[in-house]
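Below you'll find the structure, written out as structure tokens, and then a few comments.
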Amino acid sequence: MREVNINRKTNEVRISGRLNIDGEGRSSVETGFEPLNHLLRLFAFHGFFDLELIAQGDLKHHIIEDIGIALGKAFSSALGEKEGIKRYGSFSVVMDKVLVEAGIDISGRPVAHGVISAPEAVSVRKTLENAGFDETDFTFKHAEDFLEAFVQHAGISLVYVIKSGQGDLHHILEALFKAVGKALDEAIQKDSRRRGIPSTKGIID
């Protein structure tokens, strides 16, 4: 079982919990921000990750970014040497009129890159720039900050594409976090045919 503790303490934040990447999708998440709680619960549920997480701190930006750091480090630790994993995963999620696709490579070369390829790209971009999550002040930029911190410390390459965004920010973010969870679940699964590290270099670091 690939299970680790989550611990991060700085002068600005205190984060603790536990992660099991071979779980059943159960979660208990308290970040102080209900939109982020909701998105992380979706991520865990659809990725079949058992996640316990409690976070406290000073500024919203610090808490959101440091949760990404702590969770990314936990995933990296749970994966260990990454022997036998599939490494790659992708998934598309529909949420009402929204369609988001996420692709994952557990590469050791971290990057988070988002693309809007929707026909209504101008209106989608305005939604991402101007809208809050269910009339809160949680924005798409906060979600980007979390994902950037997460992939940097998990050693993951993430590319996501918003293919249709005829909806509010709530649905766009829900589709995105579900897609990332599903794609990551696929990438971390063991391939019975694979012996050793899934890289011709013989290492993923």
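The values are calculated or read from the model by the stated rules, or taken from the named source; none is laboratory data. These numbers come from a predicted model, not from an experiment. In this analysis, Cβ positions are derived from the backbone assuming ideal geometry, glycine residues included, and neighbour counts consider all displayed protein chains.
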query = Quick one: Ser76 ticks every box in (1) without any contact (Cβ under 8 Å) to a residue 60 or more places away in the chain; (2) under 26 Å from Ile197 (Cα atoms); (3) in a helix (DSSP H, G or I); (4) of a type outside the set (Lys, Arg) bar one, so which box is it?
reply = (1)
inquiry  = If Val111 meets every condition in (1) surrounded by fewer than 20 Cβ atoms within 10 Å (Cβ to Cβ); (2) closer than 22 Å to Asn37 by Cα; (3) at pLDDT 95 or above apart from one, which number is that one?
reply    = (2)
task = Check the stretch 87-102 and report whether any residue there is under 30 Å from Thr200 (Cα atoms), part of a strand (DSSP E or B) and within 12 Å of the chain's Cα centre (by Cα).
result = yes
task = Would you check if Gly47 is over 17 Å from the mean Cα position of the chain (by Cα), farther than 18 Å from Ala112 by Cα and either surrounded by fewer than 23 Cβ atoms within 10 Å (Cβ to Cβ) or not basic (Lys, Arg) (or both)?
result = no
ask   = Out of (1) among the basic types (Lys, Arg); (2) farther than 21 Å from Pro35 by Cα; (3) in contact with a Phe, Trp or Tyr (Cβ under 7 Å, 6 or more places away or on another chain), what's the single condition that is false for Lys201?
value = (3)
query = Just checking, which of His153, His171 is in contact with an Asp or Glu (Cβ under 6 Å, 6 or more places away or on another chain) and under 19 Å from Ala102 (Cβ atoms)?
reply = His171
inquiry  = On the basis of being surrounded by 22 or more Cβ atoms within 10 Å (Cβ to Cβ), among the aromatic types (Phe, Trp, Tyr), touching a helix residue (DSSP H, G or I) at 6+ places or on another chain (Cβ under 6 Å) and under 20 Å from Ile67 (Cβ atoms), does Phe140 make the cut?
reply    = no
task = Residue by residue through the stretch 103-142, note down the ones that are of a type outside the set (Asp, Glu) and in a strand (DSSP E or B).
result = Gly103, Ile104, Val111, Ala112, His113, Gly114, Val115, Ile116
message = Which numbered condition in (1) buried (at least 20 other Cβ atoms within 10 Å of the Cβ); (2) out of contact with any strand residue (DSSP E or B) (no Cβ under 7 Å at 6 or more places or on another chain) is the only one that His61 fails?
response = (1)
